[in-house]
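A quick write-up on the structure given underneath.
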Amino acid sequence: MEPACSQRDTLVQGQQLKDGQYLSSASGYYRLGFFSSSGRKRHVGIWNTRAAYEYKRKWNTRADYEYKRTGGMPVWVANRNTPIFDDSGVLTIGNDGRLKILHNGGKEIVLFSVQSISKTSATLLDSGNFVVHELNSDGSIKQQVLWQSFDYPTDTLLPGMKLGFNTKTGHNWSLTSWSNEEDPASGSFTLGMDPNNTNQLIIWWQGEIYWVSGLWLNLNFSLPHVLSSDEYYHFRYYSKENEKYFKYFVYEDVISFQRLTLKPSGDLLGMYMDEARVILSCEQASFFDGCFGKKNVKCISGERLISRKGIMRESGFEFNKSEKLILSDCKDICAKYCSCYAYASKNDDETVCEIWSYNIYGYNGYNRASSIFEKKNSDDSRYIYIRQSDEDLRERNVAQRERERAR
């Protein structure tokens, strides 16, 4: 039997990586092997050994717990939605050049397959990328990459990975959260690049916008959040003939291991001074830093947004003019999110959207709207659409019925 702690970084044709064995990148920074999730599920994953070591050293008696929950959590999972339910799993490259997972009594899980290429090898790089190359007849590696794990991210973005899409093939580079803290199956949050060519990142919750980064302007995101800071995440935007994407790099003298992980809660987990912490959360919705929060079905009724002519004594959040939002777009956004208590157009032609929002765990938005709205008919007045409380709606309906009876 081969030793469990193999130091090889490459899987060649005919070799098997059994459950309990692993590949190790050249420097030892990354390992690839089988791991357990909820229940009896087994998966092939990649994890960072430096982070695992830091957490073992820091937490001491809680080493095993922290190893699993933080640094030892995989940064990539091969078979997140097709787990194996015993320890019979084997990662191998078949005689046909296919990279696949075999297990007793189950259908093989193919990770890579291509016609007319039969001689391949797979290498775990120090970047955390697992790469398949074609081999020459003498066994040397051809430079062209046939397949790589960086093209199929799970919930974690490592330096050098892309968030965006290939306009020719339609391939999309995005993150999808785990279903819960123990199960890597696809969850309800997705982080990717806006497909509407607005050059910004978006987190979606069940297909609805949950957070936006703001447009990419002057080498930075336009909204104030941690990804706009160049201290730990040096983001760059790339627009090529067939590809548009974001990626980031780090200075290793500042931080040894960096990542962005989309949690099952929708939070972004990152490394700060070699410590894992939540760096972005939208539990408290605020349009000013891009947080829309979860859509609430109780807020969707258009009847709750009533127009009043006047002025707002405080400025709202103004969407960028390049997004070309009109009044109906503004209404759709505000109607979906309880944190929005008023909206309006900036211009007479109903262009440029302005929204007023509040902290949904703070004060009441209805009271907030009435405190800053002033009914007024002057040159600077405009129609403001204000969300009504249940009491306001009841009074409005009673008044309407009385008018109808008086006719």
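Throughout, read-outs are computed from the coordinates displayed, never taken from laboratory work. Keep in mind it's a predicted model, so treat the numbers as computed, not measured. Note that each Cβ is placed from the backbone with ideal geometry, even for glycine, and that neighbours are counted across all protein chains shown.
Pairs of Lys residues in segment 66-184 that lie 8 or more places apart, or on two chains, and have C-alpha atoms under 25 angstrom apart add up to 7.
Could you give the dipole magnitude of segment 153-294 about its Cα centre, charging the beta-carbon of Lys and Arg +1 and that of Asp and Glu -1, in debye to the nearest 20?
560
Annotation: peptides 125-135, 258-268, 168-178, ranked by per-residue average of other Cβ atoms within 10 Å with the highest first, follow the order 258-268, 125-135, 168-178. If you count Lys pairs in segment 306-359 whose Cα atoms are under 17 Å apart, skipping same-chain pairs closer than 8 places in sequence, the total is 6. Whole-Hz Karplus values for segment 197-203 come out as 6, 9, 6, 9, 8, 9, 9 Hz, taken residue by residue from phi with 6.51 cos²θ - 1.76 cosθ + 1.60 and θ = phi - 60°; glycine and proline positions read x.
Normalised by the number of residues in segment 153-294, the mean separation of alpha-carbon contacts (under 8 Å, six or more apart) gives a relative contact order of 24 percent. Under 18 Å from a point 7 Å along the Cα-to-Cβ line of K346: which residues of segment 310-328 have their amide N that close? In segment 310-328, the label zone of K346 (backbone N under 18 Å from the point 7 Å along Cα→Cβ) covers 311-328.
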